[in-house]
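For reference, the structure discussed in these notes is given below.
The values are calculated or read from the model by the stated rules, or taken from the named source; none is laboratory data. Here the structure is a predicted model, which means the values were calculated and not measured. Cβ atoms come from the backbone with ideal geometry, glycine included; neighbour counts cover every protein chain shown.
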Amino acid sequence: MALKLHGPAMSTSTSLVITCLHEKEVDFELVPVDLFAGEHKQPHFLAKNPFGQVPVLEDGDLTLFESRAISTYVAEKFKETGYDLTRQQNLQEAALVKVWMEVESQQFCPAIAPIVYQFYVDPLKGVSPDQAMIDVNLEKLGKVLDIYEARLSSTKYLAGDFYSLADLHHIPYTHYLMKTPAASVINERPHVKAWWEDISSRPASKKTAEGMTFGEK
Amino acid sequence: MSTSTSLVIICLHEKEVDFELVPVDLFAGEQKQPHFLAKNPFGQVPVLEDGDLTLFESRAISAYIAEKFKETGYDLLRHQNLQEAALVKVWMEVESQQFHPAIAPIVYQFYVVPLKGVSPDQAIIDDNLEKLGKVLDIYEARLSSTKYLAGDFYSLADLHHLPYTCYLMKTTAASVINERPHVKAWWEDISSRPVSKKAAEGMTFGEKCTLKIKALLL
């Protein structure tokens, strides 16, 4: 039975799982969820994820939510196919993948998410982006990326000289950031910029990006 | 006494793994000194050194320990069962993405702000208590059908909730836990595990101003 992924292709969290599924060469059915219509707060969806957020993965009678938990599950269940995203065969490498996945979760995401929100979501409500909020978070993000710049001066990717789920987790939000003036925070840092160009040009990343059309049209 | 360090200590005890605890003086800003930044460029505790492997981020460290030492102590990750292991991951992310952002500011207001001679900001506390309450309503429903978060088995997902909740329960905000019978029963269960009680003895933030903080593990 094929996996079912519930969520809109343009959502950052759903794209994260889609990118992972493509890297693992796993078939799945994408079931759209209409966030604008509030579908994620309807009882039938809350029965799958009581926190009312996308995505949700259904694998047989197993229902999972939280995109980072889903991607890790997919990477581990399908460890024999596609690209090796979690380095399970090497305890040390696997540990560093975990570290940098947590860095994305605890350091990077809290700084980048408000910026992307201001540029993309506020305008939908007829509100201008709050420049003060953008600036405050750009400063925080800059400090995090200074550390990334130093790290990527000694390793090709975040967890080591190998692409991993830790790098992949950065793609969706950064994809949207790069279409805004805030892209400079990436472009000003040569190693970060090179890393971004590398990870975003992987076939799985490019394929997922086609569906990431928030704000267009 | 730091929440993030306690999290790793509890995990080490559950796995029955020996370790050396090396104090880090946060009040003196030791975590921002070059020798510490060389270990964790983000300047935060804890850091785990295992031979020539240096790890940071408490949730990454705990998951590493639970996996490396999967053959000893308590089975925190359910690695033999793909479905159970997946649910442990889900609820670890829930702690990280839903629970933690609501509880951390409350604990900060009650414990850290007074150290600077400032009164806790009640508006921040109330705002986050409301958020935390909504998260705990979902926990209440979940814990009405399973004994623990990932299923009918204690796991790393439950453990990750211990440090912050331990501190919350010593404040007036404890009501947010006590008002929800299944959450309360779950809390009483997980906090009364021998390992949890042992770790709680070290979680003395706020009790005596002269105490230094710690947590660098070797």
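When the residues of the range A:185-202 are narrowed to those that are of a type in the set (Gly, Ala, Ser) and assigned to a helix (DSSP H, G or I), which ends up nearest to the chain's Cα centre (by Cα)?
Within the range A:185-202, the subset of a type in the set (Gly, Ala, Ser) is A:194, A:200-201.
Checking which are assigned to a helix (DSSP H, G or I) leaves us with A:194, A:200.
Values: A:194: 18, A:200: 11 Å.
Among those that are of a type in the set (Gly, Ala, Ser) and assigned to a helix (DSSP H, G or I), it is A:200.
Does the range A:156-184 hold any residues that are in a helix (DSSP H, G or I) and either crowded, with 17+ Cβ neighbours inside 10 Å or not assigned by TED's automatic domain parsing to the domain that holds residue A:200 (or both), and which are they? Talk me through it step by step, then tell me what you get.
Residues of the range A:156-184 in a helix (DSSP H, G or I): A:165-168, A:171-177, A:181-184.
Result: A:165, A:166, A:167, A:168, A:171, A:172, A:173, A:174, A:175, A:176, A:177, A:182.
Just checking, which of A:128, A:153, A:205 is more than 20 Å from residue A:67 (Cβ to Cβ) and either within 14 Å of another protein chain (Cβ to nearest Cβ) or in a helix (DSSP H, G or I) (or both)?
On the way: A:128 fails: either within 14 Å of another protein chain (Cβ to nearest Cβ) or in a helix (DSSP H, G or I) (or both); A:205 fails: more than 20 Å from residue A:67 (Cβ to Cβ).
None of the others qualify; the one that does is A:153.
Based on this model, can you work out whether residue A:123 counts as modelled with pLDDT under 95, in contact with a helix residue (DSSP H, G or I) (Cβ under 7 Å, 6 or more places away or on another chain) and not basic (Lys, Arg)?
Working: modelled with pLDDT under 95: yes; in contact with a helix residue (DSSP H, G or I) (Cβ under 7 Å, 6 or more places away or on another chain): no; not basic (Lys, Arg): yes.
Here the answer is no, as residue A:123 does not meet what is asked.
Quick one: what pairs do we get from the range B:42-62, first residue touching a residue at least 40 places away in the same chain (Cβ under 8 Å), second of a type in the set (D, E, K, R) and in a loop (DSSP other than H, G, I, E, B), C-beta under 7 Å, 6+ apart or different chains?
Close Cβ pairs (under 7 Å, with a partner that is of a type in the set (D, E, K, R) and in a loop (DSSP other than H, G, I, E, B)) amount to B:47/B:39.
Here is a list of conditions, (1) farther than 29 Å from residue B:142 by Cα; (2) facing another protein chain (nearest Cβ under 9 Å), and residue B:122 meets all of them except one; can you say which number that is?
(2)
Can you tell which of A:53, A:106, A:42 is within 14 Å of another protein chain (Cβ to nearest Cβ) and either more than 15 Å from the chain's Cα centre (by Cα) or over 23 Å from residue A:124 (Cβ atoms) (or both)?
Details: A:53 fails: either more than 15 Å from the chain's Cα centre (by Cα) or over 23 Å from residue A:124 (Cβ atoms) (or both); A:42 fails: within 14 Å of another protein chain (Cβ to nearest Cβ).
Among A:53, A:106, A:42, only A:106 is within 14 Å of another protein chain (Cβ to nearest Cβ) and either more than 15 Å from the chain's Cα centre (by Cα) or over 23 Å from residue A:124 (Cβ atoms) (or both).
For residue B:98, indicate whether it is within 21 Å of residue B:186 (Cα to Cα) and either in the same structural domain as residue B:180 (by TED's automatic domain parsing) or touching a Lys or Arg at 6+ places or on another chain (Cβ under 7 Å) (or both). Don't jump to the end; show me each part of the working.
Details: within 21 Å of residue B:186 (Cα to Cα): yes; either in the same structural domain as residue B:180 (by TED's automatic domain parsing) or touching a Lys or Arg at 6+ places or on another chain (Cβ under 7 Å) (or both): yes.
The answer is yes for residue B:98.
Output the residues belonging to the range A:56-100 that are more than 10 Å from chain B (Cβ to nearest Cβ), small (Gly, Ala, Ser) and more than 15 Å from the chain's Cα centre (by Cα).
A:82
Tell me, which helices (runs of 4 or more DSSP H) lie completely within the range A:1-95 with 3 or more residues that are of a type in the set (S, T, N, Q) and crowded, with 24+ Cβ neighbours inside 10 Å? Spell out the reasoning first.
Details: elements: A:12-23, A:43-46, A:67-77.
Here the list reads A:12-23, A:67-77.
Any chance the range B:71-79 includes a residue that's under 20 Å from residue A:70 (Cβ atoms) and touching a strand residue (DSSP E or B) at 6+ places or on another chain (Cβ under 7 Å)?
no
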